[in-house]
Amino acid sequence: MPLDIIVGAQWGDEGKGRIVDLMSARAEVVARYNGGDNAGHTVTVGQQTFKLHLIPSGIIHPHTIGVIGNGVVVNPQTLLAEMEMLRSHGVRVDDNRLRISHAAHLITPAHLALDKALEKQRGKGSIGTTGRGIGPAYTDKASRTGLRIEDLLDKSNLGEKVIAHVHKVNQLLSGIYGAETLDPYPIAAQYLEYARILSPYVADISLLIYETLRRGSRVLAEGAQGTLLDLDHGTYPFVTSSSSTASGALVGLGIGPGQVDRVIGVVKAFQTRVGAGPFPTELEGDLALRLRGTGSQPWDEYGTTTGRPRRVGWLDLVLLRYAVRVNGLSQLVVTKVDVLSGVPALKLCVAYRMQGKVYSDLPMGVADLSPFEPLYEELPGWEEDVCSARSWNQLPGAAQLYIRRISEVAGVPVRSVSVGPERDQALEV
Ligand code: IMP
């Protein structure tokens with residue numbers, strides 16, 4: 001049964017949206033399995049650039065069904081804005097094309113207020129959250145007090161549930177964090193209105209995916225964030241609150257492991273990170289500015305959701321090997337290779353050193369990377385602009401060497417490379 005999982009192999013922002021868009025040409029269902037509107041997936045089609053946070057990027061193809069899985073936390077306000085944005089660009093979004101799991105959890109303004117209050121309280125130890133209420137919504141899920149999408153279907157109880165939820169959060173806001181409280185009544189009225197609009201979209205998406213797979217049609221599971229932001233396997237506590245690794249696709253969509261065909265890891269040709277936390281190969285100065293871009297282009301290294309400049313560095317293959325392992329990656333797609341054109345010499349981090357000992361695999365996970373010193377291999381750069389390359393042979397020898405080396409150290413094949421944001425700026429390896 002052809003289920004492909006697409007997962008970010010770094011700290012998010014690897015260009016998954018663009019790869020999902022490309023692969024959606026041959027999929028019937030494209031399903032988001034984790035996270036919420038903290039994610040930002042940018043897809044460029046001709047003159048149009050779509051910035052999506054919740055709806056799977058695959059919906060831009062007219063033949064697909066977009067699915068929001070039970071592993072996702074949904075802010076209805078963002079969802080509705082995104083539906084409108086897509087419609088304004090001529091993308092059909094109706095209840096035949098978009099299905100939302102009954103078991104996904106809702107984000108409310110109370111979660112947003114709590115997220116901000118918590119982050120403020122952390123002070124210097126702040127995580128650098130996107131402030132979208134993600135952590136508090138998943139906290140409610142785990143403590144079994146959350147509001148689920150299926151609550152939107154029970155309009156006679158929804159208002160009361162929302163009011164009780166806001167009252168509970170207000171106690172925390174005023175009692176613990178000294179923050180402003182919220183008026184629950186307009187929020188409840190707002191959620192009743194969301195219920196009216198969104199009810200037709202609610203479905204058992206596990207069943208929908210299962211039936212699609214049984215017919216032999218392809219399903220793409222689209223991960224948000226990346227391996228190193230996974231709640232269990234990421235750089236804890238500088239992580240998000242969901243399972244962004246490949247196994248999260250199974251839990252987050254209600255499907256079993258027997259259905260998986262390929263697990264595709266998307267990795268940028270260099271390393272980036274938004275928010276706080278250790279980053280062994282981080283670069284400062286002119287080279288960092290060059291890799292980041294000026295922010296004038298949608299694909300420059302500035303957060304799609306928050307607009308924050310991303311931290312940038314050399315590609316870290318120790319972390320990539322880790323991503324191969326914890327996701328069971330079967331292949332890699334390397335993005336943004338074009339950005340490296342003109343960098344005279346390139347470095348790949350192939351091992352770490354700590355107290356005189358060399359590690360090619362992390363001895364104790366990725367939670368604390370700060371004691372490690374990166375050990376680099378230097379490779380020649382290339383001068384040529386590669387944006388117009390459409391086949392492997394059109395890449396300069398130095399670019400081929402760089403990509404081959406990534407594959408060798410990671411231990412899995414690189415199947416595809418992207419050299420620009422447009423749909424046709426990708427080549428098979
Ligand atoms: P949260 O998910 O908003 O709670 O943020 C937790 C951490 O994950 C912060 O460091 C964020 O910057 C980071 N983060 C969350 N979503 C994304 C994403 O889509 N791309 C990159 N970083 C993200």
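The values are calculated or read from the model by the stated rules, or taken from the named source; none is laboratory data. Here the structure is a predicted model, which is why all the values come from computation and not from measurement. Note that each Cβ is placed from the backbone with ideal geometry, even for glycine, and that neighbours are counted across all protein chains shown. Side chains included, ligands, DNA and RNA excluded: accessible areas come from the protein's heavy atoms. Shrake-Rupley method; radii C 1.70, N 1.55, O 1.52, S 1.80 Å.
Exposed loop sites were defined as trypsin sites (Lys or Arg not before Pro) in DSSP loop states (anything but H, G, I, E or B) carrying at most 10 other C-beta atoms within 10 Å; in the chain the longest segment without such a site runs 216-429. Rounded to the nearest whole Hz, the Karplus-based 3J(HN,Hα) values (6.51 cos²θ - 1.76 cosθ + 1.60, θ = phi - 60°) of segment 158-167 follow the sequence 4, x, 4, 5, 5, 4, 4, 5, 5, 4, with x at glycine and proline. Between Asn393 and Ala288, the distance separating the two model label sites (each 7 Å from Cα on the Cα→Cβ line) works out to 4.2 nm. In whole percent, and with a 1.4 Å probe on the protein chains, what portion of the accessible area of segment 107-201 is carbon and sulfur? Carbon with sulfur: 55 percent of the solvent-accessible area.
Past the 33 angstrom mark, what percentage of all C-alpha to C-alpha distances in the chain do you count? Roughly 33 percent, once rounded to a whole number.
Considering only Glu14, Glu282, Glu383, the mean-square fluctuation computed in a Gaussian network model of the chain, springs between alpha carbons under 10 angstrom, is largest for Glu383.
Ignoring ligands, DNA and RNA, please state the percent of accessible area on segment 12-94 from carbon and sulfur, probe 1.4 Å. Ligands and nucleic acids excluded, carbon and sulfur give 51 percent. For segment 303-429, the solvent-accessible area of protein heavy atoms averages 42 Å² per residue (probe radius 1.4 Å; ligands and nucleic acids excluded). When Rg and Dmax are taken over the Cα atoms of segment 107-201, they come to 13.8, 44 Å. Where the alpha-carbon atoms of segment 316-419 are placed on the principal axes, they occupy 43, 30, 18 Å, in descending order. Given a Förster distance of 25 Å, report the FRET efficiency between Val251 and Thr139 from their Cβ-Cβ distance, rounded to the nearest 0.05. Given R0 = 25 Å and the Cβ-Cβ separation, E is 0.90.
Helical runs (DSSP H, four residues minimum) scored at -39500 (n - 2.57) apiece and divided by the length of the chain put the mean residue ellipticity at 222 nm at -9500 deg cm²/dmol. Remark: accessible surface ordering of His61, His89 (largest first) is His89, His61, probe radius 1.4 Å. For Ala221, the amide hydrogen comes within under 5 Å of the amide hydrogens of Asp4, Ile5, Ile6, Ala31, counting only partners 5 or more places away or on other chains and with H modelled in the peptide plane.
Rounded if a/c is under 1.5, else prolate if a/b is larger than b/c, else oblate: which is segment 253-405, with a ≥ b ≥ c the root eigenvalues of its Cα gyration tensor? Rounded, because the longest to shortest axis ratio a/c is under 1.5.
Our summary gives segment 212-256 a relative contact order of 28 percent, counting only alpha carbon pairs under 8 angstrom and 6 or more residues apart.
Comparing Thr304, Thr235, Thr49, which has the greatest mean-square fluctuation in the GNM of the chain with Cα pairs linked when under 10 Å apart? With Cα springs under 10 Å in the chain, the top fluctuation among Thr304, Thr235, Thr49 is at Thr49. GNM on the chain, alpha-carbon springs under 10 angstrom: the most fluctuating residue among Gly133, Gly66, Gly295 is Gly295. Between Arg415 and Glu378, the simple label model (points 7 Å from Cα in the Cβ direction) yields a spacing of 3.6 nm.
Ordering Val343, Ser370, Ala137 by Cα displacement along the dipole of the chain toward the positive end leaves Ala137 in first place; charges were set at the Cβ atoms of Lys, Arg (+1) and Asp, Glu (-1). Could you tell me the distance between the Cα centroids of segment 215-247 and segment 163-211, to the nearest Å? If you average the Cα positions of each part, the centres end up 24 Å apart. For the chain, the longest principal axis of the C-alpha atoms and the axis of helix 317-327 are separated by about 40°. Modelled label positions at Ala367 and Lys120, each set 7 Å beyond Cα in the direction of Cβ, lie 3.0 nm from each other. Based on protein heavy atoms only, segment 107-201 ends up with 51 Å² per residue of surface accessible to a 1.4 Å probe.
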